[in-house]
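The values are calculated or read from the model by the stated rules, or taken from the named source; none is laboratory data. Owing to the predicted nature of the structure, the values given are computational and were not obtained by experimental measurement. When we count neighbours, we look across all protein chains shown, and the Cβ atoms used for this are built from the backbone with ideal geometry, even at glycine. What goes into the accessible areas is simple: the full protein's heavy atoms, side chains included, and nothing from ligands, DNA or RNA. Shrake-Rupley method; radii C 1.70, N 1.55, O 1.52, S 1.80 Å.
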Amino acid sequence: MTNPIEIRNLTVAYDKTAVLKDVQFSIPKGSLTGIVGPNGAGKSTLIKAILGLIPKVSGEIKIYGKPYKAKDRLVGYVPQRGSVDWDFPTSALDVVLMGRYGHIGWFKRPGKEDTILAKESLKKVGMDSYANRQISQLSGGQQQRVFLARALVQDAQVYFMDEPFVGVDAATEKAIIQLLTDLKDQGKTVIVVHHDLQTVEEYFDHCILLNKEVIASGVTEEVFTVEQLHQTYGGKLAFLDKGKVMVEQKR
Amino acid sequence: MEQIGQMLLAANTQWVLIGTLLLGLASGILGSFALLRKQSLIGDAVAHAALPGICIGFMLTGERSLIILLIGATVTGLLAAYCIQYIASASILKEDTAICLILSTFFGVGIVLLTKVQQMPSGNKSGLDSFIFGQAAGMVSSDVKLMAGAAALLLMVTIIFFKEFKLITFDAEFAKGLGLPVSALNFLFMTLLVAVVVIGIQAVGVILMAALLITPAISARYWTNSLSKMVIISGIFGAISGVIGTLISSLDRGIPTGPFIVVTATIIFFISILFAPARGIITLKIKRRMTNQKLLREQGQVK
């Protein structure tokens, strides 16, 4: 059986410097994968390159054995929450409906069925009572849930999420991880850019350590080792007791 | 009063009113998107940059054919828009600097050319100077029909692509992820924006056209939190401004239309910023006072 995601020799560059060098990995179906690495390691770039949002220099990206095409609707995407202007005049339900635009097609408005799906999706993330709320009046965690609901109505097989846990409260973080686990159990494949090393082992069954190139990828127990983390973070690690690790905060 | 009554009966005035109404509607609607895309100032630059195109159009043909003048305006307007985006993306200059640079350069060249045109034998009767502040009442009926038709067309295209424009304005990256041709849609929107500016300059003038684009949109933002409602309200505000400005300027020869359209739009803006139900400054003050009094009364009861 083909893996849902196969990446070979992927190189991406901004201007003249390579941001991703010869990246290569595959991700099995029904897994929950964390992409982990220091700031500037190219984590978001990797996701964007896979989705075709930024051009690649070379390499092969295959989603279910085929070159990725947005029209196949196999992929759902949750961008970073900070990437949009939340003062935009629209409601939570409206944002979720945007996830249906790929299904609706040109020249048509979202129909009744789309609205029902969008409301169901809001319910899944615990936001059904906020459907008509203006998005600027939502908290950071609620905004993140709306973005998640929008990805859910895309009804995709593979989900990419860019730092969904940044700036959210503990309850939202729990709710999101529960949702991701549910997706996994339904046989969907979920890839999450993550930066909190404390929770990697708890949340993800697969893991990619990235610092411009792939340091290691595979099952979390094998990949997430002190030695390989050292290699990924290059001495910027601080070791806490009980073998827990965290990145030194440099601000 | 009698004078106004007679004026309204004149067929040409009715056409002019329909024309400025549609223009205000189209410009209010496209202006809403421009505002949310943070492209308000690009509209201003495009309007100013239309002037050299108008003059070149006149100089090449030697006659005042609106179609030719508008084609000239479109060419230099689009050129200005792309120059701004190119400078902002390819140089170290920021977008606001690029806009300022392009606006003043193109407008300066436009004024130089306009002076030249007026020294030409056919030029001083050309009435090109009315493009600066706009002269809707003086428009001949074929010009008005052209403006009305073009405005109606722009409206239709915007309505057809409403859903896509909404998504690329809110979250262009997600739109790309869905497979929408975002660059093509950006290009289409920019073309619509330039087009509405260009068809508006004869009535409103190059200097103030941007105000008809943006003022109704910022006013409308005060009244609603929904994009579709904002677009409709902004269109209505634009249409009201267009019509009232035209009526005032038709009262006498030589009253420019643009300034009165803009003054009307500005009055609507002040009403909105002060009294809009959810966001108006005075409305908020009254609401706060009522809440405070209610709280005080409740506390009084507790004591």
**Prompt:** Of the residues that sit in the range A:80-137 and are under 25 Å from A:Val193 (Cβ atoms), more than 11 Å from chain B (Cβ to nearest Cβ) and assigned to a loop (DSSP other than H, G, I, E, B), which one is most open to solvent (accessible area, probe 1.4 Å)?
**Reply:** A:Gly126
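Would you check if A:Phe160 is under 30 Å from A:Gly40 (Cβ atoms) and away from every other protein chain (no Cβ under 12 Å)? Steps first, please.
On the way: under 30 Å from A:Gly40 (Cβ atoms): yes; away from every other protein chain (no Cβ under 12 Å): no.
Criteria not met by A:Phe160.
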**Fill in**
Every listed condition ((1) open to solvent by less than 70 Å² (accessible area, probe 1.4 Å); (2) within 27 Å of B:Arg253 (Cα to Cα); (3) in contact (Cβ under 8 Å) with a residue 60 or more places away in the chain; (4) assigned to a helix (DSSP H, G or I)) holds for B:Leu78 save (2)
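Right, A:Lys62: part of a strand (DSSP E or B), in contact (Cβ under 8 Å) with a residue 24 or more places away in the chain, in contact with a strand residue (DSSP E or B) (Cβ under 9 Å, 6 or more places away or on another chain) and of a type in the set (Lys, Arg) or not? Outline the logic, then answer.
Numbers: part of a strand (DSSP E or B): yes; in contact (Cβ under 8 Å) with a residue 24 or more places away in the chain: yes; in contact with a strand residue (DSSP E or B) (Cβ under 9 Å, 6 or more places away or on another chain): yes; of a type in the set (Lys, Arg): yes.
It is true that A:Lys62 is part of a strand (DSSP E or B), in contact (Cβ under 8 Å) with a residue 24 or more places away in the chain, in contact with a strand residue (DSSP E or B) (Cβ under 9 Å, 6 or more places away or on another chain) and of a type in the set (Lys, Arg).
Would you be able to tell me the number of residues in the range B:56-66 that are modelled with pLDDT under 90 and part of a helix (DSSP H, G or I)?
Number satisfying all stated conditions: 2.
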**Request:** Name every residue in the range A:1-26 that is farther than 12 Å from A:Gly59 by Cα and touching an Asp or Glu at 6+ places or on another chain (Cβ under 8 Å), in order of residue number.
**Result:** A:Ser26
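Has the range B:165-181 got any residue that is hydroxyl-bearing (Ser, Thr, Tyr) and more than 10 Å from chain A (Cβ to nearest Cβ)? It would help to see each step written out before you state the result.
Kept after step one, since they are hydroxyl-bearing (Ser, Thr, Tyr), are these residues of the range B:165-181: B:169.
Now restrict to residues that are more than 10 Å from chain A (Cβ to nearest Cβ): none.
Looking for residues that are hydroxyl-bearing (Ser, Thr, Tyr) and more than 10 Å from chain A (Cβ to nearest Cβ), one finds none in the range B:165-181, hence no.
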**Prompt:** Applying the selection to the range A:155-192, what residues are surrounded by fewer than 24 Cβ atoms within 10 Å (Cβ to Cβ) and part of a loop (DSSP other than H, G, I, E, B)?
**Reply:** A:Asp155, A:Ala156, A:Gln157, A:Glu163, A:Phe165, A:Val166, A:Gly167, A:Val168, A:Asp169, A:Gln186, A:Gly187, A:Lys188
**Prompt:** Looking at the range B:222-255, which of its residues are more than 19 Å from B:Val16 (Cβ to Cβ) and either more than 20 Å from the chain's Cα centre (by Cα) or outside any helix (DSSP H, G or I) (or both)?
**Reply:** B:Tyr222, B:Trp223, B:Thr224, B:Asn225, B:Ser226
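Restricting attention to the range B:219-250, which residues are open to solvent by 50 Å² or more (accessible area, probe 1.4 Å) and within 14 Å of chain A (Cβ to nearest Cβ)?
B:Tyr222, B:Trp223, B:Asn225, B:Ser228, B:Lys229, B:Ile232
Just one of B:Thr158, B:Thr191 is surrounded by fewer than 19 Cβ atoms within 10 Å (Cβ to Cβ) and either within 22 Å of B:Ala81 (Cα to Cα) or within 14 Å of chain A (Cβ to nearest Cβ) (or both); which is it? Reasoning before the result, please.
On the way: B:Thr158 fails: surrounded by fewer than 19 Cβ atoms within 10 Å (Cβ to Cβ).
That would be B:Thr191, the only listed residue that is surrounded by fewer than 19 Cβ atoms within 10 Å (Cβ to Cβ) and either within 22 Å of B:Ala81 (Cα to Cα) or within 14 Å of chain A (Cβ to nearest Cβ) (or both).
For the range A:193-215, how many residues are open to solvent by 10 Å² or more (accessible area, probe 1.4 Å) and either modelled with pLDDT of 95 or more or not in a helix (DSSP H, G or I) (or both)? Show your work before the answer.
Of the residues in the range A:193-215, the ones open to solvent by 10 Å² or more (accessible area, probe 1.4 Å) are A:195-196, A:198-199, A:201-203, A:205-206, A:211-215.
Those still in the list that are either modelled with pLDDT of 95 or more or not in a helix (DSSP H, G or I) (or both) too: A:195-196, A:205-206, A:211-215.
Matching residues across the range A:193-215 total 9.
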**Item:** the range A:21-48 residues that are of a type in the set (Asp, Glu), paired with ones that are open to solvent by 10 Å² or more (accessible area, probe 1.4 Å) (beta carbon under 9 Å, 6 or more apart)
**Value:** A:Asp22/A:Asn9; A:Asp22/A:Thr11; A:Asp22/A:Ser58; A:Asp22/A:Gly59; A:Asp22/A:Glu213; A:Asp22/A:Val214
**Request:** Of all residues in the range A:67-77, count the ones that are touching a residue at least 12 places away in the same chain (Cβ under 8 Å) and more than 9 Å from every other protein chain (Cβ to nearest Cβ).
**Result:** 2
**Request:** Could you tell me which numbered condition A:Lys174 fails, if it satisfies all but one of (1) more than 23 Å from A:Ala70 (Cβ to Cβ); (2) within 14 Å of another protein chain (Cβ to nearest Cβ); (3) free of Cβ contacts under 8 Å to residues at least 24 places away in the same chain?
**Result:** (2)
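Here's the yes/no breakdown for (1) touching a helix residue (DSSP H, G or I) at 6+ places or on another chain (Cβ under 6 Å); (2) more than 26 Å from A:Leu179 (Cα to Cα):
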position	(1), (2)
A:Arg8	no, yes
A:Lys16	no, yes
A:Lys21	no, yes
A:Pro28	no, no
A:Ile35	yes, no
A:Ile47	no, no
A:Leu53	yes, no
A:Val75	no, no
A:Val95	yes, no
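Take the residues in the range B:254-276 that are touching a residue at least 60 places away in the same chain (Cβ under 8 Å) and out of contact with any Ser or Thr (no Cβ under 8 Å at 6 or more places or on another chain), then tell me which one is surrounded by the fewest Cβ atoms within 10 Å (Cβ to Cβ).
B:Pro259
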